[in-house]
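Below: one structure, written as structure tokens.
The values are calculated or read from the model by the stated rules, or taken from the named source; none is laboratory data. No experiment lies behind these values; they were computed from the predicted model shown. Don't worry about glycine lacking a Cβ; one is built from the backbone with ideal geometry, like all the others, and counts go over all protein chains shown.
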Amino acid sequence: MSLRRDALILSVAFVISFATAGIGGALTDLGPWYQALKQPDWKPPDAAFGVIWSTIFTLGAFSGWLAWRQAPLLRERLVVLAVFLINLCLNVLWSWLFFVQHRPDWSLVELYFLWASIVAMMVVSWRHSRLAAVLLVPYLAWVTTAGFLNQANIPLNGPF
């Protein structure tokens, strides 16, 4: 693959990744409903979430690019693209359920699908690039942590 084509594909990966982050961010309303939620003592400060998500979306763009680049056949590239796009949709859906619908209970159920989609991205990426799969470990770790936080919110604030 040419350097120019590599740069173009990487740029597209970043645009898609950060467009998704932007949509998720737009859905994230830290207004009165969120401020009224009782949170567990171990919840990270709100300011940390932006840094964490920016890092995750950056690593995800590189991961997708590496897996795409190393996949030898178009069919395999389309599988890489599909699992990454499914994950991005599930990522946005979680934000919509939690912050727009005010349903931590529904978002927790959806989080299992989000978590599974990260594992799927790792498995598909691993076939083509070990580094691409490893770059997704922080995403899996963060979504696991967010799942525990989501779970803790339900008994503290429910019923929903």
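Check region 56-76 and report whether any residue there is without any contact (Cβ under 8 Å) to a residue 12 or more places away in the chain, in a helix (DSSP H, G or I) and surrounded by fewer than 16 Cβ atoms within 10 Å (Cβ to Cβ).
yes
Do we have any residue at all in region 130-138 that's farther than 17 Å from S63 by Cα, of a type outside the set (D, E, K, R), touching a Leu at 6+ places or on another chain (Cβ under 7 Å) and crowded, with 20+ Cβ neighbours inside 10 Å?
Within region 130-138 (the criterion being farther than 17 Å from S63 by Cα, of a type outside the set (D, E, K, R), touching a Leu at 6+ places or on another chain (Cβ under 7 Å) and crowded, with 20+ Cβ neighbours inside 10 Å), the answer is no, since none of the residues qualifies.
Taking S107 as the residue in question, decide whether it is part of a helix (DSSP H, G or I), in contact with a helix residue (DSSP H, G or I) (Cβ under 8 Å, 6 or more places away or on another chain), in contact (Cβ under 8 Å) with a residue 40 or more places away in the chain and small (G, A, S).
The answer is yes for S107.
Within region 102-158, which residues are among the hydroxyl-bearing types (S, T, Y) and farther than 27 Å from A36 by Cα?
S117, S125, S129, Y139
Among the listed residues L37, L30, identify the single one that is closer than 26 Å to F160 by Cα, in contact with an Asp or Glu (Cβ under 8 Å, 6 or more places away or on another chain) and either of a type outside the set (D, E, K, R) or modelled with pLDDT of 95 or more (or both).
The conditions single out L30.
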